[in-house]
1. State all residues of the range 65-108 that are loosely packed, with under 13 Cβ neighbours inside 10 Å and assigned to a helix (DSSP H, G or I); if no residue qualifies, say none.
2. Residue by residue through the range 1-56, note down the ones that are surrounded by 14 or more Cβ atoms within 10 Å (Cβ to Cβ), in a loop (DSSP other than H, G, I, E, B) and at pLDDT 65 or above.
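The values are calculated or read from the model by the stated rules, or taken from the named source; none is laboratory data. None of the values given here were measured: they were computed from a predicted structure. Note: ideal-geometry Cβ built from the backbone for every residue, glycine included; neighbour counts use all protein chains shown.
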Amino acid sequence: MSLFTSLKRLVGLEARGDIRVHVFLKGRTGAGWYDVDQWLPLAAGATLTSLLDECDRRGLRLRELIGASPHLGQTLMINGERCPLEENLDRPLANGDEVFLLAPLAGG
(Lines give C-alpha, C1' and ligand atoms only; values in the text may rest on other atoms or scores of the structure.)
Protein backbone atom coordinates (compact mmCIF):
# COMPACT_ATOMS: atom_id res chain seq x y z
CA MET A 1 0.00 0.00 0.00
CA SER A 2 1.39 3.40 -0.96
CA LEU A 3 1.81 6.26 1.47
CA PHE A 4 -0.83 8.21 -0.47
CA THR A 5 -3.35 5.36 -0.16
CA SER A 6 -2.64 5.08 3.56
CA LEU A 7 -3.19 8.81 4.01
CA LYS A 8 -6.45 8.67 2.08
CA ARG A 9 -7.71 5.92 4.39
CA LEU A 10 -6.54 7.82 7.45
CA VAL A 11 -8.52 10.96 6.55
CA GLY A 12 -11.58 8.97 5.44
CA LEU A 13 -11.20 9.08 1.67
CA GLU A 14 -12.31 5.59 0.78
CA ALA A 15 -10.98 3.84 -2.30
CA ARG A 16 -13.84 5.16 -4.44
CA GLY A 17 -13.80 8.65 -2.98
CA ASP A 18 -11.73 11.54 -4.24
CA ILE A 19 -13.39 14.34 -2.26
CA ARG A 20 -14.90 14.76 1.21
CA VAL A 21 -18.01 16.81 1.90
CA HIS A 22 -19.12 17.91 5.37
CA VAL A 23 -22.80 17.22 6.02
CA PHE A 24 -24.26 19.10 8.99
CA LEU A 25 -27.94 18.73 9.88
CA LYS A 26 -29.48 19.99 13.08
CA GLY A 27 -32.92 20.56 14.48
CA ARG A 28 -36.41 19.23 14.81
CA THR A 29 -37.52 17.26 11.80
CA GLY A 30 -40.59 15.05 11.76
CA ALA A 31 -41.23 13.43 15.12
CA GLY A 32 -38.00 14.44 16.85
CA TRP A 33 -34.54 15.93 16.80
CA TYR A 34 -32.16 14.83 14.08
CA ASP A 35 -28.47 15.70 14.12
CA VAL A 36 -25.71 14.75 11.68
CA ASP A 37 -22.14 16.04 11.65
CA GLN A 38 -20.13 13.85 9.27
CA TRP A 39 -17.56 14.06 6.51
CA LEU A 40 -18.61 11.85 3.59
CA PRO A 41 -16.29 10.59 0.86
CA LEU A 42 -17.57 11.04 -2.69
CA ALA A 43 -16.16 10.45 -6.15
CA ALA A 44 -14.71 13.41 -7.99
CA GLY A 45 -17.45 15.09 -10.02
CA ALA A 46 -20.12 14.25 -7.44
CA THR A 47 -23.26 16.39 -7.42
CA LEU A 48 -25.82 17.21 -4.78
CA THR A 49 -27.82 14.23 -6.10
CA SER A 50 -24.77 12.00 -5.55
CA LEU A 51 -24.56 13.28 -1.99
CA LEU A 52 -28.24 12.46 -1.38
CA ASP A 53 -27.60 8.95 -2.72
CA GLU A 54 -24.60 8.50 -0.40
CA CYS A 55 -26.64 9.74 2.56
CA ASP A 56 -29.29 7.13 1.69
CA ARG A 57 -26.63 4.38 1.57
CA ARG A 58 -25.38 5.43 5.00
CA GLY A 59 -28.83 5.73 6.57
CA LEU A 60 -28.56 9.51 7.07
CA ARG A 61 -32.15 10.12 5.87
CA LEU A 62 -31.47 13.55 4.30
CA ARG A 63 -33.74 12.89 1.31
CA GLU A 64 -36.46 11.46 3.59
CA LEU A 65 -36.32 14.45 5.94
CA ILE A 66 -36.59 16.95 3.09
CA GLY A 67 -39.48 14.95 1.59
CA ALA A 68 -41.35 15.04 4.90
CA SER A 69 -40.82 18.80 5.30
CA PRO A 70 -40.45 20.28 1.79
CA HIS A 71 -39.56 23.75 3.15
CA LEU A 72 -36.25 22.21 4.27
CA GLY A 73 -35.28 21.82 0.62
CA GLN A 74 -35.55 25.59 0.28
CA THR A 75 -33.29 26.29 3.29
CA LEU A 76 -30.42 23.96 2.33
CA MET A 77 -27.07 25.77 2.26
CA ILE A 78 -23.77 24.91 0.62
CA ASN A 79 -20.75 26.78 1.95
CA GLY A 80 -22.99 29.40 3.56
CA GLU A 81 -24.96 30.10 0.36
CA ARG A 82 -28.67 29.31 0.18
CA CYS A 83 -29.03 26.50 -2.30
CA PRO A 84 -32.63 25.37 -2.95
CA LEU A 85 -32.48 21.62 -3.51
CA GLU A 86 -34.67 21.22 -6.59
CA GLU A 87 -32.79 23.95 -8.47
CA ASN A 88 -29.34 22.56 -7.58
CA LEU A 89 -29.53 18.76 -7.83
CA ASP A 90 -26.88 18.79 -10.58
CA ARG A 91 -24.62 21.25 -8.74
CA PRO A 92 -21.09 19.80 -8.56
CA LEU A 93 -19.50 19.48 -5.13
CA ALA A 94 -15.84 20.04 -4.33
CA ASN A 95 -13.50 18.76 -1.67
CA GLY A 96 -14.20 20.52 1.63
CA ASP A 97 -17.70 21.73 0.73
CA GLU A 98 -20.13 22.02 3.63
CA VAL A 99 -23.77 21.11 3.18
CA PHE A 100 -25.81 22.60 6.02
CA LEU A 101 -29.44 22.15 6.91
CA LEU A 102 -30.90 23.76 10.01
CA ALA A 103 -34.48 22.84 10.65
CA PRO A 104 -36.50 25.85 11.79
CA LEU A 105 -37.33 26.16 15.46
CA ALA A 106 -40.47 27.63 16.90
CA GLY A 107 -41.49 28.53 20.37
CA GLY A 108 -43.39 30.97 22.39
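1. Answer for the range 65-108, where residues must be loosely packed, with under 13 Cβ neighbours inside 10 Å and assigned to a helix (DSSP H, G or I): G67, A68, H71, E86, E87.
2. D18, G27, Y34, A46
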